[in-house]
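Worksheet: one structure, shown below.
The values are calculated or read from the model by the stated rules, or taken from the named source; none is laboratory data. Only a predicted model underlies this, so the values are computations on that prediction, with no experimental measurement involved. Because the Cβ atoms are built from the backbone with ideal geometry, glycine has one as well, and the counts that use them run over all protein chains shown.
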Number of protein chains: 2
Amino acid sequence: MANIQEVARKAGVSVATVSRVINNYSGVTERTRQKVEKVIEELNYEPSMLGRNLRTLESKLILVLIPSISNPFYTEIINGIEETAINLGYNILLCETDSNPEHEQRYFGLLKKRMADGIISMDPAVNKAKLAELAESYPIVQCSEYDEDINIPYVTINNELAAYQAVKHLVKLGHEKVALISSDERYLYARERKCGYERALNEFGITANEAFIYHTESISFEYGQHAMRKLLDLKDRPTAVFALSDILAIGALKEINSSGLLVPKDIALIGFDKISFSNMTYPALTTVAQPMFKMGAAATNMLINRIKGMRVESMVMEHELIIREST
Amino acid sequence: MANIQEVARKAGVSVATVSRVINNYSGVTERTRQKVEKVIEELNYEPSMLGRNLRTLESKLILVLIPSISNPFYTEIINGIEETAINLGYNILLCETDSNPEHEQRYFGLLKKRMADGIISMDPAVNKAKLAELAESYPIVQCSEYDEDINIPYVTINNELAAYQAVKHLVKLGHEKVALISSDERYLYARERKCGYERALNEFGITANEAFIYHTESISFEYGQHAMRKLLDLKDRPTAVFALSDILAIGALKEINSSGLLVPKDIALIGFDKISFSNMTYPALTTVAQPMFKMGAAATNMLINRIKGMRVESMVMEHELIIREST
DNA sequence: TTGAAAGCGCTAACAT
DNA sequence: ATGTTAGCGCTTTCAA
């Protein structure tokens with residue numbers, strides 16, 4: 001494993017010149033450059049990031065905090081983050097918090113130990129206070145899930161409007177008995193989407209029926225099934241359901257099918273997120289698409305700008321209602 | 001951001017002693033240790049991985065090569081890798097190759113540039129020749145997908161036996177017309193599973209019908225749909241289908257449902273992998289479970305042992321047929 | 001038990 | 001246009 005010294009010696013130049021060549025700096029004659037490049041080739045020299053990183057005091061690594069890697073909601077965002085990061089010379093460290101404060105703490109430690117240059121947080125359960133404190137010393141941006149109260153830039157969509165449009169779509173289809181399968185209202189997106197749901201109903205003079213609003217304890221599939229079971233057990237059951245996420249909607253769908261009812265004939269169903277599986281169900285889910293890839297890309301650009309010391313502005317991106325077979 | 005020098009000065013000791021304390025070395029008096037720890041606390045000192053990594057010539061990072069992060073097949077393996085890596089003081093860099101040689105090349109470069117200490121390859125489309133060459137200089141292990149011809153340790157399951165058992169299950173249920181939805185036979189697992197399929201049929205005196213074997217071009221959902229369409233269009237159509245992966249099976253399931261047929265009444269269906277979504281379909285898929293988490297953990301232990309210079313042995317782990325609603 | 005000092009591989013300020 | 005040199009923050013050898 002050759003190092004910069006050996007290259008310099010063998011090429012008959014100084015290490016500074018070799019450094020200039022490998023970093024493509026100007027001010028090296030073509031002749032010298034070629035001489036150095038030839039030796040680099042011969043020795044199979046690869047510059048060590050370890051030396052460079054210590055010298056420049058950066059790791060070229062970005063932490064991406066997500067609750068769980070198995071949640072397909074994050075995959076497209078991660079793709080957006082990754083592509084952008086790579087283009088800008090960074091790599092990403094995917095950090096699963098499992099909504100566990102200890103794991104979170106461990107990843108924060110990685111930042112303090114200079115193992116990473118910044119954080120993109122997508123974890124709705126993150127400790128906002130700790131994140132805010134950390135943000136005073138380190139570059140951090142929030143993506144998708146965010147908290148307005150803490151002073152950390154974010155990229156998100158208008159959840160209230162998206163939910164409003166989804167429910168309006170159901171109402172326009174003739175549904176008056178529209179249920180909501182919501183998750184924990186500790187999360188901002190849940191509160192916002194519920195507002196949109198209520199606004200749509202109010203606008204059409206429909207009184208929101210409390211029995212039609214179900215809060216799940218967790219966002220996993222089984223809880224969608226369970227919620228739907230409860231809604232189907234009502235003497236006066238809903239004719240349409242808006243689920244806060246595709247995963248919950250897919251759980252609901254399975255429960256509806258198991259009851260021998262048909263979607264959308266007996267019950268219309270809308271999800272949220274447009275995860276890839278929302279297209280694989282029978283019938284395919286109507287859902288709300290977030291511009292995942294772009295959101296990830298934007299968050300990454302923001303973070304890297306912060307790393308470089310620039311100020312950045314939060315942004316709200318456009319969503320889209322995707323009407324498919326389930327409504 | 002305090003460094004080790006400041007801590008040493010403020011504590012009135014040498015940097016060597018501070019280093020001993022932060023690394024929990026013996027041979028430091030309790031009095032000295034406490035003095036140093038007090039100063040570390042006061043200065044909020046966090047040792048820099050950058051300095052340590054250069055000094056020890058390691059990055060404490062492991063590359064995990066997967067074709068795509070959106071394939072749920074990998075999530076549990078990754079969890080196993082991650083947990084084990086963290087326990088041993090490593091972090092993982094998830095690398096999506098998209099089966100693109102350029103991306104692959106880029107990740108190999110990360111290893112050469114000392115940005116990572118080793119590779120766990122799970123990419124069936126990886127360039128085996130390049131991987132083998134790299135393995136001569138760097139620690140590498142293969143997980144799940146492997147190539148016996150190159151001298152790189154691997155952890156896998158007995159794919160032939162698993163497929164044999166799955167198909168045998170179908171035959172015992174009375175099915176004689178069992179179709180196979182296979183993927184590209186360039187991949188070892190596809191060839192092995194096909195062997196198992198044929199062995200099971202042969203054992204029961206059933207002649208494999210060439211028309212019942214369909215090779216998809218890609219492993220995504222839509223190709224499962226398409227394959228099933230072709231199988232349904234046969235004048236003499238199969239009564240059972242063994243798909244090489246759950247994703248293909250889920251595509252097949254959607255196509256069967258769309259045709260107004262019922263699973264398992266009209267057609268029985270088996271997948272492979274036990275991805276989380278295989279339980280969310282209606283009906284839930286019968287499938288073959290690989291011990292994903294354990295495989296990831298084992299691969300990681302093997303890799304880290306290699307990094308430490310030890311020799312390691314390949315291993316074959318146990319699978320399990322999970323009988324659910326679709327058969 | 002503790003300290004002094006070298007050095008990991010690189011970049012960049014400064015000198016020529 | 002090129003070279004000399006200091007030093008990023010740490011670990012580790014050797015000496016005391």
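Things to note:
- Any chance A:Ile256 is over 21 Å from B:Ser70 (Cβ atoms) and assigned to a helix (DSSP H, G or I): yes
- A:Ser19 being among the polar types (S, T, N, Q), in a helix (DSSP H, G or I) and either more than 9 Å from DNA strand C (Cβ to nearest atom) or more than 14 Å from every other protein chain (Cβ to nearest Cβ) (or both): yes
- The residues listed here are A:Leu110, A:Leu50, A:Leu131, A:Leu54; of these, the one that is assigned to a helix (DSSP H, G or I), farther than 26 Å from B:Thr84 by Cβ, facing another protein chain (nearest Cβ under 9 Å) and not basic (Lys, Arg) is A:Leu54.
- Sole exception among (1) more than 11 Å from chain A (Cβ to nearest Cβ); (2) in contact with an Asp or Glu (Cβ under 9 Å, 6 or more places away or on another chain); (3) surrounded by 21 or more Cβ atoms within 10 Å (Cβ to Cβ); (4) β-branched (Val, Ile, Thr) for B:Thr84, by number: (2)
Every residue, every condition in (1) in the same structural domain as B:Asp117 (by TED's automatic domain parsing); (2) more than 30 Å from B:Ser137 (Cα to Cα); (3) without any contact (Cβ under 8 Å) to a residue 12 or more places away in the chain; (4) assigned to a loop (DSSP other than H, G, I, E, B), yes or no:
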site	(1), (2), (3), (4)
B:Leu248	no, yes, no, no
B:Leu261	no, yes, no, yes
B:Ser278	no, yes, no, no
B:Ala298	yes, no, no, no
B:Met302	yes, no, no, no
B:Gly309	yes, no, yes, yes
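- Boolean, B:Leu94 is within 11 Å of chain A (Cβ to nearest Cβ), closer than 18 Å to B:Ala299 by Cα and surrounded by 21 or more Cβ atoms within 10 Å (Cβ to Cβ): yes
- Within the stretch B:257-273, restricting attention to residues that are surrounded by 23 or more Cβ atoms within 10 Å (Cβ to Cβ) and out of contact with any Pro (no Cβ under 9 Å at 6 or more places or on another chain), the residue that is nearest to the other protein chains (Cβ to nearest Cβ) is B:Gly271.
- Residue within the stretch A:160-180 that is among the acidic types (Asp, Glu), surrounded by fewer than 24 Cβ atoms within 10 Å (Cβ to Cβ) and out of contact with any Cys (no Cβ under 9 Å at 6 or more places or on another chain) present: yes
- If you go through the stretch A:57-70 and pick out every residue that is under 20 Å from B:Glu76 (Cβ atoms) and either at the interface with chain B (Cβ under 9 Å from one of its Cβ atoms) or of a type in the set (Lys, Arg) (or both), you end up with 3.
- If the condition is being in contact (Cβ under 8 Å) with a residue 12 or more places away in the chain and in a helix (DSSP H, G or I), then the stretch B:83-94 contributes B:Glu83, B:Thr84, B:Ala85.
- Checklist (1) surrounded by 24 or more Cβ atoms within 10 Å (Cβ to Cβ); (2) more than 19 Å from B:Leu173 (Cβ to Cβ); (3) within 13 Å of chain A (Cβ to nearest Cβ) applied to B:Leu303, failing item: (3)
- Residues that are in contact with a helix residue (DSSP H, G or I) (Cβ under 6 Å, 6 or more places away or on another chain) and within 12 Å of chain A (Cβ to nearest Cβ) within the stretch B:229-249 comprise B:Asp246, B:Ile247, B:Leu248, listed in sequence order.
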